Amino acid sequence: MKEVTGNFKGEGKRVGICVARFNEFITGRLLAGARDELIRHGVRDEDIECVWVPGSFEIGTVAKAMTDKGYDGIICLGALIKGDTPHFEYISASLAKSISELGTKSGMPVIYGIVTAETLEQAIERAGAKAGNRGASAANACLEMMDLMTKI
Ligand code: DLZ
């Protein structure tokens, strides 16, 4: 049986990161985690481009515009924290759908690195504390997918 797998090799790759400024206390840490992971796997810092958007709601629009800018992969980073408004429900469902559609329509890796949390404490846990760093794991998925897409 022939198996096709992606390796975590970032040499020569260009990566675009679309990150939400809302909840920047969390998203700044996701960005740091993603950047560190990409660099440790061979992506050059100058080949990483980060575009800040106001909030997670805007990620889909900007990530779409980024799909034809010559990146090998795009990572979307945001933090949706459940509050007293229904924003969380509206945005989280539509964002997951639009990021997934961007990947299927463009044929390039578009990675979902959105923290969805009930509380600020939960979000902190996923931004570099006891539950890891969602930005770093999104970068890993991006590295694997960028390599995989060159093989299939
Ligand atoms: C308005 C809003 C709220 C209440 N909560 C969040 C959130 O938890 N995470 C996030 O990334 N953005 C939030 N926003 C901002 C919206 O995503 C958007 O930027 C504004 O509604 C402007 O369109």
### Query
How about the range 1-23: which of its residues are open to solvent by less than 90 Å² (accessible area, probe 1.4 Å) and either under 12 Å from the mean Cα position of the chain (by Cα) or free of Cβ contacts under 8 Å to residues at least 60 places away in the same chain (or both)?
Gly12, Arg14, Val15, Gly16, Ile17, Cys18, Val19, Ala20
### Query
Among all residue pairs at least 6 apart or on different chains, which show Cβ distances below 9 Å where the first residue, located in the range 71-90, is modelled with pLDDT under 85 and open to solvent by less than 60 Å² (accessible area, probe 1.4 Å) and the second is within 6 Å of the ligand (Cβ to nearest atom) and not charged (D, E, K, R)?
Phe88/Leu80; Phe88/Ile81
### Query
When you scan the range 35-65, how many residues do you find that are within 16 Å of the ligand (Cβ to nearest atom) and either open to solvent by less than 50 Å² (accessible area, probe 1.4 Å) or in a strand (DSSP E or B) (or both)?
10
### Message
Can you tell me how many residues within the range 24-34 are out of contact with any strand residue (DSSP E or B) (no Cβ under 8 Å at 6 or more places or on another chain) and surrounded by 19 or more Cβ atoms within 10 Å (Cβ to Cβ)?
### Response
0
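The values are calculated or read from the model by the stated rules, or taken from the named source; none is laboratory data. What you see is a predicted model; the values in this text were computed from it and never measured. Positions of Cβ are backbone-derived with ideal geometry, glycine not excepted, and every protein chain shown enters the neighbour counts. What goes into the accessible areas is simple: the full protein's heavy atoms, side chains included, and nothing from ligands, DNA or RNA. Shrake-Rupley method; radii C 1.70, N 1.55, O 1.52, S 1.80 Å.
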